[in-house]
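If you scroll down you'll find the structure; I have some questions about it.
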Amino acid sequence: MKEAEGRTSPKRKGPDRGDRNDLRVDTYPVLKGLVDCLGGKLRPISRLIGTSYSHLWAMANHKKPPPTLEAMSVYANRVYIETGIRLVMTVTPDLRLYYSIQKSSDEFDEPFEPR
């Protein structure tokens, strides 16, 4: 598994979010790895994962905060269902993120279900 080299960043504060001290795991390297694995063209990838092209472009170019783990699990589920490419993410207690992208679905027989 690869370690996502990055930093954790505090979540944005907002009127509906309150003052939370939660940390957001930096998923930029995971998103980049997934985009590269799918061919690197953002427009078809945005259709595949169910987000707009501009939103995906902004995340890929660090103009928006990194996707949350929940969003990445939704993206991974959609990619697996459509292409058979499986994304596995592991977060350690010290908020290190490890991931692997498996292009072969031979050893898996059920779609990945996010929890």
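Got a sec to turn the phi values of the stretch 69-77 into Karplus ³J(HN,Hα) couplings, 6.51 cos²θ - 1.76 cosθ + 1.60 with θ = phi - 60°, whole Hz, x for Gly and Pro?
Computed from phi, the couplings for the stretch 69-77 are 4, 5, 5, 5, 5, 5, 4, 4, 5 Hz.
In addition: Based on the Kirkwood radius over alpha-carbon pairs, what is the Stokes-Einstein translational diffusion coefficient of the stretch 22-102 at 10 °C with 1.306 mPa s viscosity, in µm²/s?
For the chosen part, D equals 124 µm²/s.
From the phi of every residue in the stretch 42-47, what ³J(HN,Hα) in whole Hz does the Karplus formula 6.51 cos²θ - 1.76 cosθ + 1.60 yield, where θ is phi - 60° and glycine or proline is x?
Along the stretch 42-47, the couplings run 6, 4, x, 5, 5, 5 Hz.
In a shell of Cβ-Cβ distance under 14 Å around SER46, excluding SER46 itself, what net charge do Lys and Arg (+1) and Asp and Glu (-1) give?
On the way: positive: LYS41, ARG43, ARG47, LYS64, ARG78; negative: GLU82.
The answer is +4.
Around TYR75, what is the net charge, scoring Lys/Arg as +1 and Asp/Glu as -1 over all other residues with Cβ under 13 Å from its Cβ?
Values: positive: LYS32, ARG47, ARG78, ARG86; negative: GLU70, GLU82.
Value of the local net charge: +2.
Still on this structure: In whole Hz and in residue order, list the ³J(HN,Hα) couplings for the stretch 84-89 that follow from phi through the Karplus curve 6.51 cos²θ - 1.76 cosθ + 1.60, θ = phi - 60°; x for Gly and Pro.
x, 7, 10, 10, 10, 10
Based on the Cβ-Cβ distance of ASN61 and GLN102, what FRET efficiency does E = 1/(1 + (r/R0)^6) give at R0 = 41 Å, to the nearest 0.05?
Details: r = 26 Å, r/R0 = 0.64.
It comes out at approximately 0.95.
Hey, another quick one. Please rank MET89, MET59, fewest neighbouring Cβ atoms within 10 Å first, as an exposure proxy.
Details: MET89 18, MET59 21.
Listed from fewest to most nearby Cβ atoms, that is MET89, MET59.
Every number here is computed from the coordinates shown, using simple stated rules; none is lab data. Predicted model, so just to flag it, every value in this text is computed and none were measured. Here the Cβ is made from the backbone with ideal geometry for all residues, glycine too, and neighbour counts use every protein chain on show.
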